[in-house]
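Okay, structure first, notes after.
The values are calculated or read from the model by the stated rules, or taken from the named source; none is laboratory data. Just so it is clear, the structure is predicted and the values come from calculations on it, not from any experiment. With ideal geometry, Cβ positions are generated from the backbone for all residues, glycine too; neighbour counts draw on all protein chains shown.
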């Protein structure tokens, strides 16, 4: 027998224990429809603890995805389990968080899981358990540099393939012009950039300092994410104490720069203020 649940019950379901959630979802199941929309508003997608297999979101990854969306790069569709006229998130929590962080009001691309809630659960575990060797930031920059050297790829294609920013692609193309045929002698982007800036008569103003700082911060953030995972990002006070020790007398300068990135209307959870 199929049932319908209201908004209050949806919220309860989101935090329900796994057994209760599975039972509720199974009761909502109907025949799969082939005419479902290929995109959905963020607000219509329901997240459940049942399909979340991590202790929390990796904020660094969310920010990377957010940046791609802001640069008009299409992300892979998130996976949805359609039940009883509702749409439950199976896989794509970081992508959904990135859209939400941007205040995305238009519909986002989705794909649908054609199976039972139990099958969706095992599928979500499977895709999140696969061993993968993701490229770090330096490797992604090297990949973008490779595409620039080969030629024939649009900025949009390079950005989508590697995740770097458009200004970085522009810098790489300027470096290619400066180095000419010698460019193929540099497999690593950092070495190519250094060589291009050292070319006789090269206009170093062509190398956008903001884009270069963006590259360097990406590399540093990538190293932090790999070293600490979400340990520091999930504990802002611990992060603050760590930075105070690391920055020493230059902490005030850091705070001034950080103020440029803080949304004045941002609200903070009480948990951020609780001693660890």
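Of the listed requirements (1) more than 29 Å from residue 215 (Cβ to Cβ); (2) touching a residue at least 40 places away in the same chain (Cβ under 8 Å), residue 35 misses just one: (2). Those residues that are closer than 20 Å to residue 36 by Cβ and either touching a helix residue (DSSP H, G or I) at 6+ places or on another chain (Cβ under 9 Å) or at pLDDT below 90 (or both), I need them from region 60-83; list them, please. Scanning region 60-83 gives 74, 75, 76, 77, 78, 79, 81, 83. Among the residues of region 84-117, just one is modelled with pLDDT under 90 and in a strand (DSSP E or B), namely 86.
Within region 56-74, the presence of a residue that is assigned to a helix (DSSP H, G or I), within 24 Å of residue 219 (Cα to Cα), in contact (Cβ under 8 Å) with a residue 24 or more places away in the chain and touching a strand residue (DSSP E or B) at 6+ places or on another chain (Cβ under 7 Å) is excluded.
The one condition from (1) in contact (Cβ under 8 Å) with a residue 40 or more places away in the chain; (2) part of a helix (DSSP H, G or I); (3) touching a strand residue (DSSP E or B) at 6+ places or on another chain (Cβ under 6 Å) that residue 168 does not meet is (3).
Among the residues of region 114-138, those identified as surrounded by 20 or more Cβ atoms within 10 Å (Cβ to Cβ) and more than 19 Å from the chain's Cα centre (by Cα) are 117, 120, 121.
Out of all the residues in region 231-246, is one or more touching a helix residue (DSSP H, G or I) at 6+ places or on another chain (Cβ under 6 Å) and farther than 19 Å from residue 55 by Cβ? Checked region 231-246: at least one residue is touching a helix residue (DSSP H, G or I) at 6+ places or on another chain (Cβ under 6 Å) and farther than 19 Å from residue 55 by Cβ.
Can you tell which of 143, 152 is in contact with a helix residue (DSSP H, G or I) (Cβ under 9 Å, 6 or more places away or on another chain) and either touching a residue at least 24 places away in the same chain (Cβ under 8 Å) or not assigned by TED's automatic domain parsing to the domain that holds residue 47 (or both)?
Values: 152 fails: in contact with a helix residue (DSSP H, G or I) (Cβ under 9 Å, 6 or more places away or on another chain).
Matching residue, one of 143, 152: 143.
Every residue, every condition in (1) at pLDDT below 80; (2) crowded, with 17+ Cβ neighbours inside 10 Å, yes or no:
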{"position": "140", "(1), (2)": "no, yes"}
{"position": "150", "(1), (2)": "no, no"}
{"position": "175", "(1), (2)": "no, yes"}
{"position": "190", "(1), (2)": "no, no"}
{"position": "203", "(1), (2)": "yes, no"}
{"position": "225", "(1), (2)": "yes, yes"}
{"position": "231", "(1), (2)": "yes, no"}
{"position": "238", "(1), (2)": "no, no"}
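Taken together, the residues in region 176-199 that are under 28 Å from the mean Cα position of the chain (by Cα) and either assigned to a helix (DSSP H, G or I) or farther than 18 Å from residue 139 by Cβ (or both) amount to 5.
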